[in-house]
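Have a look at the structure below, then the notes.
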Amino acid sequence: MSSAWWRSAVVYEVYVPSFADGNGDGLGDLPGVLSRLEYLRRLGVDALWLTPFYSSPLVDGGYDIADHRAVDPAFGTLNDIDQLVRKLNEAGMRLILDLVANHSSSAHPWFQAALRAGPGSAERQRYIFRPGRGATGELPPNDWESVFGGPAWTRVPDGEWYLHLFDRAQPDFAWTSPQVHADFERTLRFWLDRGVNGFRVDVAHGMVKQDGLPDAGFANQIQLLGRGSLPYFDQDGVHEILRSWRRILDEYPGDRVAIGEVWASSPARLANYVAPDELHQVFNFYFMDAAAPVAFRRVIDRTIGLAAQLSAPATWTLGSHDTHRTVTRYGGGLLGVRRARAAALLMLALPGAVHLHQGEELGLGDVDLPDSALRDPMWTRSNHTVRGRDAGRVPLPWSGTSPPYGFSAVGAAPPWLPQPRSWSGSTVEAQDGDPQSTLELYRSALSVRRRVDPMAPLRWLPSDEDVLLFARDPGLVCAVNLSTVPIDLSQYGKPTVTSDPTGGGGGVLDPETAAWWAT
Ligand code: GLC
């Protein structure tokens, strides 16, 4: 197996609107990212994944793209990207961009042209326009539902409907159109030529829809995401598109990668996406769902087993800009932080690649936002029943004791989502150098992880059922105590790293803490 960088990389997700604001408009941007590179280098990550910064009306945080090859002025300039590539490479880090190919923004010139050109035109062939059902075409062409709630179709004034699996401002491309293929090849090359190291492929299971667009046949389809089959996701045809992109990546020097955001109905279907002629990796959302020891063991064994069969690296993540923050998922408050710290040590001890979500290294939880602050299209599309993903996307706290906590300069426009008063102890500045802080835990763990042979396999050691105990030989022993009583592990001596802020005195592991011993 090759030892290419991405096989054991720690990839840090920068959700650009919420990372750092360089121009004082309350929205994060590329100059903001550039100003924080030293922080990321010191944290010890190998690569940044930047969420979209392309030209966009920002209906879905930038995942509604009007020009895939332009930087939105609200986020910066192409020159910022060139600088990022250069500076990251100088610091030994890499840059991964988001490739959003399932849909564009409704402001995309192609979609605007399709609206103008009318039914039957060549311009409509690049999106999915269909006549409606019912006597006067007043019903949508089929029963598909938007991932954000409501029907997946919107009717235009001339009577046709267009498909949008997400917001109505995000029309789905027709991947039956050769022009769509050609345009994305251009986009890939545009960014690869500028030196980016690869792509995170948004909705990599989308793009191709089942022939004839048949009804799904039931409601609440989104509950099947990642669990069951749907006529608009995980169709076999997507693999051909992904393979054509892999051929392009492979033309470039320096191990360029494609990491897929894939929701498939089973781990086996998910595995279909990873191959020497397809994606290098997929996000592993199954790890996030585990809570009980047996569930952790099962998902770890399955992930590693499947990865071995595919000669691909296992991947691990505790969250992204689409999920609740780990601290909140694990119960919130101090208990949530305690568990999230233990989960981080577990994840960082596992073999393979890791995807971190900005702010998890600060132990941040979801923020309770007032209704009036919510911006996620899920909130409006669900008729104000689903609050959406904003709670985990609140701009990062860097310094100071009150908002904007150094996210923007003092006197700038307020952050686009309000930060809570309770974050004064969670800033980077407050945690920097404090050995009990979550930031220092991540820094230590990432630096010890770097010294572990990435090829070292995981070997379970005998333990109580409620304790996860394994070795990476050579490298480290990791223990996670998921029971309600302290466990004596003093035979290993004093831990090298522990999630227990009190230091895990003398090798006794308290409930809901984890520790590492370097070997
Ligand atoms: C992906 C992104 C999500 C976005 C959606 C539509 O799931 O991670 O944030 O809303 O695609 O582009």
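The values are calculated or read from the model by the stated rules, or taken from the named source; none is laboratory data. Predicted model only: the values in this text are computed from it and were never measured. A quick note on method: Cβ atoms are made from the backbone with ideal geometry, for glycine too, and the neighbour counts reach across all protein chains shown. The area values use the complete protein model at the heavy-atom level, side chains included, leaving out ligands, DNA and RNA. Shrake-Rupley method; radii C 1.70, N 1.55, O 1.52, S 1.80 Å.
Modelled spin labels at Ser422 and Glu185, positioned 7 Å past Cα toward Cβ, are 5.3 nm from each other.
Cβ under 11 Å from Ala275's Cβ, Ala275 left aside: what net charge do those residues give with Lys, Arg +1 and Asp, Glu -1? Local net charge: 0. So what is the relative contact order for the chain, in percent, with contacts set as C-alpha pairs under 8 Å and at least six apart? Normalised by residue count, the contact order of the chain is 13 percent. Oblate is the label for segment 94-153, because a/c, from the alpha-carbon gyration tensor with a ≥ b ≥ c as root eigenvalues, is 1.5 or above and a/b does not exceed b/c. What a 1.4 Å probe finds exposed on the chain is 53% carbon and sulfur by accessible area, rounded to a whole percent.
With axes computed from alpha carbons, what is the tilt in degrees of helix 178-193 against the longest principal axis of the chain, rounded to the nearest 10 within 0 to 90? Roughly 40 degrees between the two axes. From the Cα gyration tensor of segment 207-331, with a ≥ b ≥ c the square roots of its eigenvalues, which class applies: rounded if a/c is under 1.5, or else prolate if a/b is larger than b/c, or else oblate? Taking the square roots of the gyration eigenvalues as a ≥ b ≥ c, segment 207-331 is oblate.
Each part gets one Cα centre, and for segment 41-56 versus segment 256-274 those centres are 21 Å apart.
Counted residue by residue at 0.36 nm each, then reduced by the alpha carbon distance between them, the extension gain from Ala4 to Thr496 reaches 174.4 nm. Estimated from helices alone, the mean residue ellipticity of the chain at 222 nm is -7500 deg cm²/dmol (sum of -39500 (n - 2.57) over DSSP H runs with n ≥ 4, per residue). Take the Cα of Arg42, go 7 Å toward its beta carbon, and the backbone nitrogen atoms of segment 437-459 under 20 Å from that spot belong to 437-450.
Rolling a 1.4 Å probe over the heavy atoms of the protein chains gives segment 324-364 an accessible area of 24 Å² per residue. Summarising the amide proton neighbourhood of Leu58: residues at separation of 5 or more, or on other chains, whose placed amide H is nearer than 5 Å comprise Asp64.
For segment 401-478, the set of GluC sites (Glu not before Pro) satisfying both a DSSP loop assignment and a count of at most 15 other C-beta atoms within 10 Å is given as Glu465.
Dipole of the chain computed with +1 at Lys/Arg Cβ and -1 at Asp/Glu Cβ about the Cα centre; of Phe75, Ser146, Phe166, farthest Cα towards the positive end is Phe75. Label-to-label distance, Gln436 versus Leu213, with points set 7 angstrom from Cα along the beta-carbon direction: 5.9 nm. With contacts taken as Cα pairs under 8 Å at a separation of at least 6 residues, segment 288-415 carries a relative contact order of 20 percent.
In a shell of Cβ-Cβ distance under 12 Å around Asp158, excluding Asp158 itself, what net charge do Lys and Arg (+1) and Asp and Glu (-1) give? Every neighbour counted, the sum reads +2. Spin-label model, Glu138/Arg243: points 7 Å from Cα along the beta carbon direction are separated by 4.7 nm. Which of rounded, prolate or oblate describes the chain when judged by the alpha-carbon gyration tensor and an a/c cut-off of 1.5? Prolate. In the full protein context, segment 115-201 carries 41 Å² of accessible surface per residue, based on a 1.4 Å probe and ignoring ligands, DNA and RNA.
Other residues lying with their Cβ under 13 Å from the Cβ of Leu348 contribute a combined charge of +3, Lys and Arg counting +1, Asp and Glu -1. Shown is the FRET efficiency for Arg269 and Arg69, computed with R0 = 35 Å from the Cβ-Cβ distance and rounded to the nearest 0.05: 0.65.
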